[in-house]
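I have placed the structure first, in the form of structure tokens, so that the comments after it can refer back to it.
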Amino acid sequence: MTVNGKNIRELQQKASEIRKVLLDMCCEARTGHVTSAFSSVEILVALYHGGILRYDPKNPSWEGRDRFIMSKGQASVLLYPILADVGYFPKEDIGGFCKAEGKFGVHLQHSVPGAEITSGSLGMGFGIATGIALAAKLNSELHMVYALLGDAECYEGSIWEAAMFANHNKLNNLVAIVDRNYLGVTNFTENMLQLEPLEEKWKSFGWNAVSIDGHSFEEILGVLKGVRSRQSSRPLVVIAKSVKGKGVSFMCDKPLWHGVPPTSEEDVHSAKAELQYL
Amino acid sequence: MEKISQRDAFWDRIYEIAKQDKDVVLVIADMGAPALDKFKIELSAQYIDVGIAEQQGVAVASGLVLSGKKAFVYAIAPFIALRCYEHTRVNLASMNLPVTLVGVGAGVSYDDSGPTHHAVDDLSVLRILPNLKIYNATDSVMAKAFADMSCKLDHPNYVRLDRKVLPTIYDKNTDFSTGITELASGSDVCIVATGNMVHRALHVSEDLKKNGIKAGVVDVYMFPINEDLFVNKVKDAAQIVTLEEHTLPGGLGSAVCEVLCDNQLLKPVKRIGMNFKTGYCYKYGGRDNIQSLYGLDKKSIVQAIMSQLKESYVCKK
């Protein structure tokens with residue numbers, strides 16, 4: 001399968017590269033939500049490298065750009081290497097992550113080139129995304145709005161206010177991608193407070209909903225490639241089933257790895273060694 | 001100018017502006033007004049109802065402004081101030097998005113609706129947010145001017161409107177850009193008031209005059225306070241009394257004390273406002289009754305000021 005000149009293998013290699021940069025960045029800064037970011041890597045690589053998003057790093061405020069809203073703000077550490085990689089800012093800036101001379105921290109701020117919003121408080125970016133999608137309709141603009149949500153972010157009531165609003169206003173230019181890694185901060189979602197049946201919840205709010213493997217480029221691109229011309233007046237939610245910490249086996253599905261990178265020499269070595277062989 | 005509510009003065013003007021400027025968009029949390037009814041029919045594409053969901057209102061307005069629109073979010077004052085506070089803090093204050101929040105029901109103007117509907121702590125929590133300005137209307141002329149001013153801002157603001165029809169005290173050509181107007185001069189005491197209490201301050205000033213006390217009145221209708229102008233207006237007064245239909249912690253009185261302190265203009269200050277030490281106001285019988293119970297009626301205020309002046313005089317001796 002070839003997408004935008006890249007085949008699936010190339011996208012997988014890009015995902016692997018991004019994981020390495022992200023891990024180095026967080027290990028050096030000794031902070032950052034590595035596992036939350038790792039579960040979303042394929043989604044963002046597909047968006048930025050798989051021919052889904054329309055953007056122009058030379059003109060970040062281009063009106064025709066698709067908007068990517070990082071509602072799941074704790075995964076911002078994933079966005080920085082991607083934005084640098086596609087040319088929004090020099091790759092050297094990555095080294096400033098969480099440093100005194102740096103330009104960005106754990107959670108996204110709107111001043112980062114390529115970022116649309118300040119993010120970090122859950123349940124808020126998605127509402128903004130509905131406003132941007134509505135404005136596009138009012139202005140007869142054809143760009144799309146993609147919002148990445150954490151699954152545990154769906155506990156916030158404001159998510160459902162926004163979901164109701166998007167359906168009522170027929171915002172078919174809005175795509176929500178829920179990173180369904182089944183983990184919040186301290187617990188698995190279904191143990192903490194049941195989210196399932198999640199797809200049915202979205203459907204009951206009037207959305208087109210589809211569940212996919214969030215680490216499969218074939219499935220991600222399969223659902224997103226035709227989204228711009230799909231025949232529906234409804235917004236679309238993609239529930240991307242994923243593994244929190246994907247790529248480093250000892251960090252996967254472990255609540256204790258939320259919000260922290262490996263810090264011991266042994267853990268850092270193990271994580272890097274494993275990523276080399278992805 | 002005919003007697004008109006601040007709400008109608010504001011929205012009538014926004015309606016006129018919106019007819020000429022398609023980028024003006026209202027985000028309504030299930031609220032009504034005559035001008036809004038016209039808006040809904042004639043400018044339906046610019047009228048977005050989010051239902052009773054104030055958080056979503058601020059979020060939608062944020063997205064609209066990020067896309068070049070001029071967005072107004074309208075709800076009852078305590079809800080627009082408090083229910084969606086974090087959306088205001090993160091989306092508007094931290095990103096400096098020029099969304100205008102419009103709240104109706106300043107102070108206890110939703111009197112018998114009870115404390116859920118009283119906007120008696122909104123100034124305290126909103127005035128601390130970076131970038132956000134508060135426009136607290138004194139009369140309908142000012143409210144109308146706020147409509148024009150809000151369309152030209154490059155920062156978020158909160159327009160705070162009284163629910164009741166209050167007398168008009170300002171001329172339609174008044175310049176409200178300074179945030180402060182001296183309505184009466186007097187060297188013994190300067191009464192600094194905001195919102196509906198400005199009207200009360202003027203009446204109190206007249207009563208004090210009958211008792212031989214020269215009382216000035218300064219209307220503060222924008223927060224943060226214009227410090228230089230404020231200091232200039234009150235520097236010659238022997239004492240200051242602040243007057244607000246709002247809780248004392250963090251309100252006008254606190255803001256005035258901060259300005260005086262930061263400018264080392266130290267003089268006796270008495271804060272008159274609502275004291276909720278025993279809890280929020282579960283009192284009914286209309287706004288006048290609630291004001292009397294909280295010492296905000298004219299007679300109580302005159303007595304409080306007389307007592308303050310007397311105590312200070314004794315202390316001095």
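Coordinate-derived values only; no laboratory data. Computed from a prediction, not measured in an experiment: that's the story for all the values here. Reconstructed Cβ throughout: ideal geometry from the backbone, glycine too, with neighbour counts over all protein chains shown.
Among the residues of the stretch B:92-136, those that are away from chain A (no Cβ under 14 Å), more than 14 Å from the chain's Cα centre (by Cα) and touching a residue at least 60 places away in the same chain (Cβ under 8 Å) comprise B:Asp111, B:Asp112, B:Gly114, B:Pro115, B:Ile128. Among the residues making up the stretch B:226-263, those that are of a type in the set (D, E, K, R), over 13 Å from B:Val192 (Cβ atoms) and in contact with a strand residue (DSSP E or B) (Cβ under 9 Å, 6 or more places away or on another chain) are B:Asp236, B:Glu245. Of all the numbered requirements in (1) among the polar types (S, T, N, Q); (2) more than 24 Å from A:Ala129 (Cα to Cα); (3) buried (at least 22 other Cβ atoms within 10 Å of the Cβ), A:Thr189 misses one, and that requirement is (3). From A:Val243, A:Val223, A:Val178, which residue is in contact with a His (Cβ under 8 Å, 6 or more places away or on another chain), away from every other protein chain (no Cβ under 14 Å) and among the hydrophobic types (A, V, I, L, M, F, W, C)? Within the list A:Val243, A:Val223, A:Val178, the selection yields A:Val243.
Quick check: is even one residue across the stretch B:221-242 farther than 20 Å from B:Glu182 by Cβ and among the hydrophobic types (A, V, I, L, M, F, W, C)? There is no residue in the stretch B:221-242 that is farther than 20 Å from B:Glu182 by Cβ and among the hydrophobic types (A, V, I, L, M, F, W, C). Within the stretch A:44-63, is even one residue on the phi > 0 side of the Ramachandran plot and either hydrophobic (A, V, I, L, M, F, W, C) or touching a strand residue (DSSP E or B) at 6+ places or on another chain (Cβ under 7 Å) (or both)? Looking through the stretch A:44-63, at least one residue is on the phi > 0 side of the Ramachandran plot and either hydrophobic (A, V, I, L, M, F, W, C) or touching a strand residue (DSSP E or B) at 6+ places or on another chain (Cβ under 7 Å) (or both).
In the stretch A:164-175, the residue that is nearest to the other protein chains (Cβ to nearest Cβ) out of those that are closer than 22 Å to A:Ile43 by Cβ and either surrounded by fewer than 24 Cβ atoms within 10 Å (Cβ to Cβ) or without any contact (Cβ under 8 Å) to a residue 60 or more places away in the chain (or both) is A:Asn173. Is it the case that the stretch A:100-117 has a residue that's small (Gly, Ala, Ser), touching a Pro at 6+ places or on another chain (Cβ under 6 Å) and part of a loop (DSSP other than H, G, I, E, B)? Scanning the stretch A:100-117 turns up at least one residue that is small (Gly, Ala, Ser), touching a Pro at 6+ places or on another chain (Cβ under 6 Å) and part of a loop (DSSP other than H, G, I, E, B).
Rundown of residues vs (1) small (Gly, Ala, Ser); (2) more than 23 Å from B:Gly295 (Cα to Cα), yes/no style:
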{"residue": "B:Thr174", "(1), (2)": "no, yes"}
{"residue": "B:Val189", "(1), (2)": "no, no"}
{"residue": "B:Lys214", "(1), (2)": "no, no"}
{"residue": "B:Tyr221", "(1), (2)": "no, no"}
{"residue": "B:Pro224", "(1), (2)": "no, yes"}
{"residue": "B:Gly253", "(1), (2)": "yes, no"}
{"residue": "B:Glu258", "(1), (2)": "no, yes"}
{"residue": "B:Cys261", "(1), (2)": "no, yes"}
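A quick yes/no check of all residues on (1) more than 8 Å from chain B (Cβ to nearest Cβ); (2) touching a Lys or Arg at 6+ places or on another chain (Cβ under 7 Å); (3) within 30 Å of A:Asn191 (Cα to Cα); (4) surrounded by fewer than 23 Cβ atoms within 10 Å (Cβ to Cβ):
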| site | (1), (2), (3), (4) |
| --- | --- |
| A:Pro113 | yes, no, no, yes |
| A:Glu116 | no, yes, no, no |
| A:Ser119 | yes, no, yes, no |
| A:Gly125 | yes, no, yes, no |
| A:Ser140 | yes, no, no, yes |
| A:Gly150 | yes, yes, yes, no |
